[in-house]
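To start, the structure under review is shown below, and the notes come after it.
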Amino acid sequence: MSSSTPTTLFDKVWDSHVVRKIEDGPDVFFIDRHFIHEVTSPVAFLGLENRGLGVIFPDKTFATADHNTPTINQHLPVQDPLSANQLKALETNSAKYGISHWGLGNPKNGIVHVVGPENGITLPGMTIVCGDSHTSTHGAFGAIAFGIGTSEVEMVLSSQCIMQPKPKKMRVTINGKLGKGVTPKDAVLYIISQLTAAGATGYFLEYAGEVFENMSMEGRMTVCNMSIEMGARGGIIAPDETTFAYIKGREKAPKGEAWDKAVEVWKTLKTDEGATFDQEYTYNAADIEPMITYGTNPGMGMGITQHIPSAADQGGSKSTYEKSLDYMGFHEEEAMLGKKVDYVFIGSCTNGRIEDFRDFASIIKGRKKADHVTAWIVPGSHIVEQQIKDEGILDILTDAGFQLRQPGCSACLAMNDDKIPAGKYAVSTSNRNFEGRQGPGSRTLLASPLVAAAAAVTGVVTDPRELMA
Amino acid sequence: MAYDKFTVLTSSAVPMPIENVDTDQIIPARFLKATERKGFGDNLFRDWRYNNDDSPKQDFVLNNPIYSGKILVAGKNFGSGSSREHAAWAIYDYGFRCVVSSFFADIFKNNSLNIGILPVQVSPEFLDKIFTAIEADPNAQVEVNLPAQTITILATGESESFAINTYKKHNLTNGFDDIDYLQAMKDEIQSFAAKSMY
């Protein structure tokens with residue numbers, strides 16, 4: 001491609017990582033950073049053993065335990081023998097192959113998509129994979145990042161490459177400024193509600209426009225995190241001064257001369273004017289209000305003051321729609337405001353960073369937790385946990401009747417004991433409202449930390465703007 | 001892990017006319033605690049298939065003895081959500097070798113191909129025809145011909161072709177996998193890595 005051809009950010013990063021192109025087949029795609037965790041890696045390591053293969057570049061893989069860890073009493077032995085076994089396998093495999101391992105109790109431990117960025121492992125222009133679909137989070141830094149299966153984990157361990165057909169490109173632009181009480185989570189839930197849960201399947205997204213340019217890194221991570229919820233392989237945002245300021249000084253970030261050289265390269269990582277996408281969508285920030293989901297996929301979301309759409313508008317998908325509302329115990333055309341909430345969960349790789357807890361605290365400060373609400377407050381990492389303490393947020397939580405748990409994926413996927421009971425309603429800052437996702441029979445309403453906080457103190461679905469100064 | 005070669009599969013099919021079947025339905029997260037690839041089929045569609053007391057839910061298709069076969073036919077956007085390969089393992093371990101839908105989630109499609117399950121994407125119209133054929137005769141035979149890239153309802157002769165790239169087709173029909181391919185080009189990868197900024 002000549003230098004005069006306008007190129008997208010995605011193409012620049014992708015094309016520079018293709019080791020070999022296979023005719024009528026996938027690209028052999030080089031991976032700069034590989035994150036592993038206890039759930040999707042053990043079988044990959046078994047595969048290596050069965051084939052007699054080693055790990056080609058152990059310094060490009062980073063292990064952390066998160067999916068299946070308890071969020072209380074982490075200093076005690078893990079009770080569930082199966083979970084303990086997975087954690088042990090991660091530790092043993094990492095040690096055997098010389099891979100960095102931040103296990104339970106390590107001060108760097110936390111959710112993989114929180115600890116990667118906060119320790120400077122995630123950098124612009126990288127290709128990043130992990131056996132977890134929310135790897136798309138790292139796209140916030142101008143990296144191509146996406147989730148892979150366990151067979152692919154084995155490929156990366158043994159060859160630092162995977163075989164990938166190049167996705168198509170889609171750009172989503174949001175112009176204007178987000179209103180009061182409207183957060184990055186609302187922006188992405190809005191996009192998903194417009195595109196549907198499968199609307200970006202086959203595509204890689206770029207998020208562009210004023211809203212994302214003005215967004216913090218934490219916010220950009222929240223947005224990119226949920227790219228997979230519309231089926232996209234991932235989402236990317238061009239790195240800028242906000243990105244560089246976030247990375248600078250972090251443990252594994254380049255330093256000194258290497259930093260200056262890196263920034264020079266990173267500044268070229270943007271979509272050239274005139275570059276074309278296979279699909280483009282443009283929205284206005286003014287149309288977005290605090291969002292909430294009412295169904296069993298993340299595309300079934302709406303503004304919090306709206307009413308649930310009618311089944312008649314669902315076309316050929318009517319029966320699936322009715323199955324979904326039936327599961328949730330909701331009816332078409334109902335309002336969501338005022339619905340009773342049993343559980344509130346703040347945390348996860350979507351909303352488990354310090355800004356999320358600041359938002360949460362801004363609403364609950366001076367208020368009390370509703371008596372009937374059980375709240376699980378789960379930081380994304382020990383570093384976030386420390387920030388919560390250092391900034392006085394823990395005091396606000398405690399005064400309002402909340403307890404802080406220890407880091408992990410927790411109730412987002414309910415692999416550990418943090419399960420929402422059957423039939424109960426949870427306002428959750430996580431990423432999926434699938435049937436049973438947060439425990440068998442659980443009913444999830446996805447929302448921002450502000451909406452979660454408003455529900456936690458009122459006990460019902462509440463517009464957070466009513467509680468904001 | 002090596003898998004069986006896939007060429008021509010003729011079988012009755014199990015109908016699941018539900019859209020957006022996500023990987024949390026295929027295998028809930030609480031069953032992902034194994035460190036070996038064994039026994040996942042027992043928990044395939046766990047919460048749709050069993051009550052809380054582990055008794056089978058009689059109205060779920062896998063518990064209905066009139067339906068069986070190596071082909072699962074499902075509504076659009078099958079396999080969305082989590083990247084867990086366990087979803088594909090559970091489908092394989094249960095005994096399915098082919099999933100037919102009018103639309104697949106990307107990661108699930110890759111995972112399936114990597115373990116020897118053939119995802120066959122058909123038009124919404126053809127998907128309806130398969131459901132209709134199974135409704136008329138639960139034992140209706142469906143032929144999936146990978147070399148010819150066709151899927152045929154044998155009773156009516158209705159057929160449609162499906163897409164798959166040459167590389168993956170070659171792998172599936174020969175039982176090869178990507179790791180074999182990548183191991184054979186390690187020198188090329190080493191010299192690529194030497195030039196990498198990271």
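Each value in this text was obtained by applying a stated rule to the coordinates, not by laboratory testing. Since we're looking at a predicted model, the values are computed, not measured. Every residue, glycine among them, receives a Cβ derived from its backbone with ideal geometry; neighbour counts consider all protein chains shown.
Taking the conditions exactly as written (under 22 Å from residue A:218 (Cα atoms) and within 14 Å of another protein chain (Cβ to nearest Cβ)), does residue A:430 satisfy them or not?
Details: under 22 Å from residue A:218 (Cα atoms): yes; within 14 Å of another protein chain (Cβ to nearest Cβ): yes.
Yes; evaluated as a whole, the condition is true for this residue.
Taking the conditions exactly as written (surrounded by fewer than 24 Cβ atoms within 10 Å (Cβ to Cβ), within 14 Å of chain B (Cβ to nearest Cβ) and over 25 Å from residue A:74 (Cβ atoms)), does residue A:459 satisfy them or not? No; evaluated as a whole, the condition is false for this residue.
Meeting the requirement of 2 or more residues that are buried (at least 19 other Cβ atoms within 10 Å of the Cβ), the strands (runs of 3 or more DSSP E) wholly within region A:238-328 are A:291-293, A:301-303.
On the stretch given as region B:28-70, residues that are farther than 26 Å from residue A:423 by Cβ and basic (Lys, Arg) total 3. So, in region B:136-152, how many residues would count as being in a strand (DSSP E or B) and buried (at least 17 other Cβ atoms within 10 Å of the Cβ)? Here the count works out to 4. Note on region A:329-351: residues that are touching a His at 6+ places or on another chain (Cβ under 9 Å) and either part of a loop (DSSP other than H, G, I, E, B) or among the polar types (S, T, N, Q) (or both) total 8. The residues of region A:134-158 that are assigned to a helix (DSSP H, G or I) and closer than 26 Å to residue A:347 by Cβ, listed by number, are A:134, A:135, A:136, A:137, A:138, A:139, A:140, A:141, A:150, A:153.
Residues are listed down the side, and each one gets a yes or a no for (1) facing chain B (nearest Cβ under 10 Å); (2) within 28 Å of residue B:189 (Cβ to Cβ); (3) touching an Asp or Glu at 6+ places or on another chain (Cβ under 9 Å):
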{"residue": "A:16", "(1), (2), (3)": "yes, yes, no"}
{"residue": "A:20", "(1), (2), (3)": "yes, yes, yes"}
{"residue": "A:28", "(1), (2), (3)": "yes, yes, yes"}
{"residue": "A:42", "(1), (2), (3)": "yes, yes, yes"}
{"residue": "A:47", "(1), (2), (3)": "yes, yes, yes"}
{"residue": "A:55", "(1), (2), (3)": "no, yes, no"}
{"residue": "A:67", "(1), (2), (3)": "yes, no, yes"}
{"residue": "A:77", "(1), (2), (3)": "no, no, no"}
{"residue": "A:82", "(1), (2), (3)": "yes, no, no"}
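Of all residues in region A:201-229, those satisfying the criterion of being within 14 Å of another protein chain (Cβ to nearest Cβ), part of a helix (DSSP H, G or I) and out of contact with any Phe, Trp or Tyr (no Cβ under 9 Å at 6 or more places or on another chain) are A:225, A:226, A:229.
Taken together, the criteria place residue A:24 among residues that are closer than 23 Å to residue A:204 by Cβ, within 13 Å of another protein chain (Cβ to nearest Cβ) and surrounded by fewer than 18 Cβ atoms within 10 Å (Cβ to Cβ). Residue A:410 fulfils the conditions (1) within 14 Å of another protein chain (Cβ to nearest Cβ); (2) buried (at least 22 other Cβ atoms within 10 Å of the Cβ); (3) over 19 Å from the mean Cα position of the chain (by Cα) except for a single criterion, (3). Here is the figure for region B:69-109: residues that are in contact with a helix residue (DSSP H, G or I) (Cβ under 6 Å, 6 or more places away or on another chain), surrounded by fewer than 23 Cβ atoms within 10 Å (Cβ to Cβ) and away from chain A (no Cβ under 13 Å) total 1. Out of curiosity, is residue A:62 farther than 18 Å from residue A:105 by Cα and either in contact (Cβ under 8 Å) with a residue 24 or more places away in the chain or within 13 Å of chain B (Cβ to nearest Cβ) (or both)? No; evaluated as a whole, the condition is false for this residue. For the condition within 30 Å of residue B:38 (Cβ to Cβ), more than 25 Å from the chain's Cα centre (by Cα) and among the charged types (D, E, K, R), residue A:49 qualifies. Tell me whether region A:157-178 contains one or more residues that are facing chain B (nearest Cβ under 10 Å) and within 24 Å of residue A:448 (Cβ to Cβ). Scanning region A:157-178 turns up no residue that is facing chain B (nearest Cβ under 10 Å) and within 24 Å of residue A:448 (Cβ to Cβ).
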